[in-house]
Amino acid sequence: MQAHAPIDSEGRDLQVGDWVRVIAAPLSIRGMPEESLEAFSKAVGHTFQIEEFDEIGCLHLDMYPTISSDSIYIEPYCVSRFRRYKKLSNAFLKKQAVLNFAQEPVFEMRFEIIAHHNVDLESLGLYIISEGTAEDTMGGFACWSKERKILGSVKIDAEDPNAISILKRIKEMLENCSEIEEVTVSDTQLIGKP
């Protein structure tokens, strides 16, 4: 699970606040649900401001309210920097404040799975990210049906005294799950404000 460098399709650096034009949908969307494919299709040809970068370097682009109510995470090589901001708008600064406020320190573990045939990927993904009690774990995942792949992460509040042991239990469960053909699990990392 190698992170993408913040470089656009023309080799220019990218940063939060830059305006980018989506020039292509990534090949990684193959096998995604129809609504995800539709969201990426709507984004192509339009310009958006980079909200943030996720842990693997994908750009978070919010299409609301101009295109749709969707937001997407897209690889940087699928965009072209349209312009660099001279001054960030008050509305953008407010959105950033909300994003930054929500980034309390958490322990995170990322995973990539290839499931056996006939496994319900959505159910397996939900099972993985909710393996702790409902209050303990959070996270997200994406599924690629044709490849039988699930890519995601599990996060737990860093102040939870059981965080590390819960993530170790989830890692062991992933490594021993009979529904999984291949699995790659990252080390546990502390992310967010220390």
>> Using +1 at the C-beta of Lys and Arg and -1 at the C-beta of Asp and Glu, which of 24, 46, 56 has the Cα lying farthest in the positive direction of the dipole of the range 1-137?
In response: 46
> Roughly to the nearest percent, how much of the accessible area of the chain is carbon and sulfur, given a 1.4 Å probe?
Replying inline: 52
>> Please report Rg (one decimal) and Dmax (integer) in Å for the Cα set of the range 1-83.
In response: 11.7, 33
> Taking H as built 1.01 Å from N, whose amide H comes closer than 5 Å to the amide H of residue 147, not counting residues under 5 places away?
Replying inline: none
> In Å², what does the accessible area per residue of the range 39-194 work out to with a 1.4 Å probe?
Replying inline: 57
> Full extension from residue 179 to residue 5: what is 0.36 nm times the residue separation minus their Cα-Cα distance, to one decimal in nm?
Replying inline: 59.3 nm
> Reachable lysines from residue 168, Cα under 23 Å, same-chain residues fewer than 8 places away excluded?
Replying inline: 149, 155, 193
> Short version: ³J(HN,Hα) in whole Hz for each residue of the range 44-61, in order, from phi by Karplus 6.51 cos²θ - 1.76 cosθ + 1.60 (θ = phi - 60°), x for Gly and Pro, what are they?
Replying inline: 4, x, 9, 10, 9, 9, 5, 7, 5, 10, 7, 5, 9, x, 6, 8, 8, 10
> For the range 62-68, what does the Karplus curve 6.51 cos²θ - 1.76 cosθ + 1.60, with θ = phi - 60°, yield as ³J(HN,Hα) per residue in whole Hz, taken in order and with x for Gly and Pro?
Replying inline: 9, 8, 7, x, 6, 9, 6
>> Please list, ordered by chain and number, the residues whose modelled amide H lies under 5 Å from the amide H of residue 180; skip anything fewer than 5 residues away on the same chain.
In response: 116
> How much accessible surface area, in Å² rounded to 10, belongs to the heavy atoms of residue 138 with a 1.4 Å probe?
Replying inline: 90
>> If I stretch the segment between residue 126 and residue 168 completely, what's the gain in nm (0.36 nm per residue apart, minus their alpha carbon distance), one decimal?
In response: 13.4 nm
>> From Cα pairs below 8 angstrom and at least 6 apart in sequence, can you work out the relative contact order of the range 1-108, rounded to a whole percent?
In response: 33
>> Could you give each residue of the range 167-172 its phi-based ³J(HN,Hα) in whole Hz, using Karplus coefficients 6.51, -1.76, 1.60 with θ = phi - 60°, and x for Gly or Pro?
In response: 5, 5, 5, 5, 4, 4
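The values are calculated or read from the model by the stated rules, or taken from the named source; none is laboratory data. Only a predicted model underlies this, so the values are computations on that prediction, with no experimental measurement involved. When we count neighbours, we look across all protein chains shown, and the Cβ atoms used for this are built from the backbone with ideal geometry, even at glycine. These accessible areas exclude ligands, DNA and RNA; they are computed on the full protein's heavy atoms, side chains included. Shrake-Rupley method; radii C 1.70, N 1.55, O 1.52, S 1.80 Å.
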